[in-house]
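Written below as structure tokens is the structure these notes are about.
None of the figures in this text is laboratory data; all of them are computed from the coordinates on show. These numbers come from a predicted model, not from an experiment. Neighbour counts run over all protein chains shown; Cβ positions are idealised from the backbone, glycine included.
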Amino acid sequence: MDDKKIQDLNISDTIKSILADSKIKTIKQICQKSKADLKELGLTNSEINQINVQLQLIGLKLKDSL
């Protein structure tokens, strides 16, 4: 499941673009990032929450998330 592409997540194209620019192409790579890591990439709290919700829907989470 986590080897799926970020394109499979129901997140905005803006988020997908930021992740792609940062060489993040798979869901597994997103799960290895913490919220702080994603903020450093330029994502807003709202965008990070959008990612988090989508990961939770498929039973996954960000690194260091409860």
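Numbers below:
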| read-out | value |
| --- | --- |
| Qualifying residue in segment 11-24 (condition: in contact with a helix residue (DSSP H, G or I) (Cβ under 8 Å, 6 or more places away or on another chain) and touching a residue at least 40 places away in the same chain (Cβ under 8 Å)) | yes |
| Subset of segment 22-35 (residues that are farther than 15 Å from N10 by Cα and either in contact with a His (Cβ under 9 Å, 6 or more places away or on another chain) or not in a helix (DSSP H, G or I) (or both)) | S22, K23, I24, Q32, K33, S34 |
| Hey, N10 surrounded by fewer than 15 Cβ atoms within 10 Å (Cβ to Cβ) and not acidic (D, E) or not | yes |
| Only one of L55, L43, L19, L38 that is touching a Cys at 6+ places or on another chain (Cβ under 8 Å) and either in a loop (DSSP other than H, G, I, E, B) or surrounded by 16 or more Cβ atoms within 10 Å (Cβ to Cβ) (or both) | L55 |
| Selection within segment 40-55 - within 11 Å of the chain's Cα centre (by Cα) and of a type outside the set (A, V, I, L, M) | E47, N49, Q50, N52, Q54 |
